[in-house]
Amino acid sequence: MRVLLVEDDPMIGEAVRVGLARLGITVDWVRDGELGLQCASSEPFDAVVLDLGLPRRDGMQVLRDLRSGGHLMPILVVTARDALSDRVAGLDAGADDYILKPFELDELAARLRSGLRSRSGRADPVLRSGALALHPDSKIVTKAGAAVPLSAREFALLELLMRRPGMPMSRAQLEERLLGWGEEVASNALEVNIHNLRRKLGADSILNIRGVGYFVPRDEATCTR
Ligand code: CA
């Protein structure tokens with residue numbers, strides 16, 4: 001396994017490089033975000049370990065640039081223990097996983113291996129509707145090839161609809177899933193999420209049959225016969 005480490009802290013960087021090498025993982029280490037983006041874009045790494053606070057280009061920006069450039073390798077974000085908003089933003093921006101500082105090298109190695117397994121073992125096919133493509137594994141949505149940042153909830157709702165294109169799902173069916181996300185949901189939460197998705201993806205991205213439900217358009221099959 002060959003991993004790109006993007007980390008500006010010399011102590012952490014050296015410890016990770018040496019520690020992972022002992023576990024049989026080859027580490028290429030760069031110390032700023034600009035170089036990180038360049039290397040990750042041009043060389044075939046199995047995974048990227050990405051610090052967020054980086055000189056020259058912020059880690060979150062590196063993440064977005066890689067994903068919008070179509071690079072789908074597993075990316076593990078390294079973040080401070082108290083920065084919950086960073087974790088959420090990282091996952092929303094296309095990170096596969098995160099690890100909290102300070103971390104054990106064994107845990108980092110285990111996360112890298114499981115990231116690779118989930119990527120290669122049960123790769124979920126990309127879901128499509130019109131110009132939209134949803135990547136279930138990397139949690140990315142693109143419109144005409146450009147990544148569109150969605151909240152975790154918007155993503156989950158869109159994934160639900162895109163798994164059944166052309167088949168309306170009732171408000172009750174969808175709300176059941178919303179409640180399944182584990183917190184109290186405002187009575188208009190579904191409408192708010194649909195509204196946000198349409199605003200980000202286009203008014204015709206999600207259609208509605210009054211009294212029946214919401215759905216995404218199904219692409220016309222072009223080669224069925
Ligand atoms: Ca840093």
Counting only residues in segment 1-36 that are in contact with a helix residue (DSSP H, G or I) (Cβ under 6 Å, 6 or more places away or on another chain) and within 12 Å of the ligand (Cβ to nearest atom), the one nearest to Val48 (Cα to Cα) is identified as Leu5
Within segment 129-185, the residues that are surrounded by 13 or more Cβ atoms within 10 Å (Cβ to Cβ), acidic (Asp, Glu) and modelled with pLDDT under 85 are Asp137, Glu175
Thr79: passes all of (1) assigned to a loop (DSSP other than H, G, I, E, B); (2) within 15 Å of the ligand (Cβ to nearest atom); (3) not aliphatic (A, V, I, L, M) but (1)
Task: Residue in segment 18-31 that is closer than 17 Å to Val78 by Cα and touching a His at 6+ places or on another chain (Cβ under 8 Å) present - done: no
Does Glu7 fit the bill of being more than 18 Å from Arg113 (Cα to Cα), among the acidic types (Asp, Glu), out of contact with any His (no Cβ under 8 Å at 6 or more places or on another chain) and surrounded by fewer than 15 Cβ atoms within 10 Å (Cβ to Cβ)?
no
The residue that is farthest from the ligand (Cβ to nearest atom), considering only those in segment 48-70 that are surrounded by fewer than 17 Cβ atoms within 10 Å (Cβ to Cβ) and outside any helix (DSSP H, G or I), is Gly70
In segment 37-46, residues that are closer than 19 Å to Gln61 by Cβ and either touching a residue at least 40 places away in the same chain (Cβ under 8 Å) or within 16 Å of the ligand (Cβ to nearest atom) (or both) total 2
When segment 78-97 is checked residue by residue, the ones that are modelled with pLDDT of 85 or more and over 11 Å from the mean Cα position of the chain (by Cα) are Val78
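The values are calculated or read from the model by the stated rules, or taken from the named source; none is laboratory data. All figures in this text were calculated on a predicted structure; none of them were measured in a lab. Every residue, glycine as well, gets a Cβ built from its backbone with ideal geometry; the counts of neighbours run over all protein chains shown.
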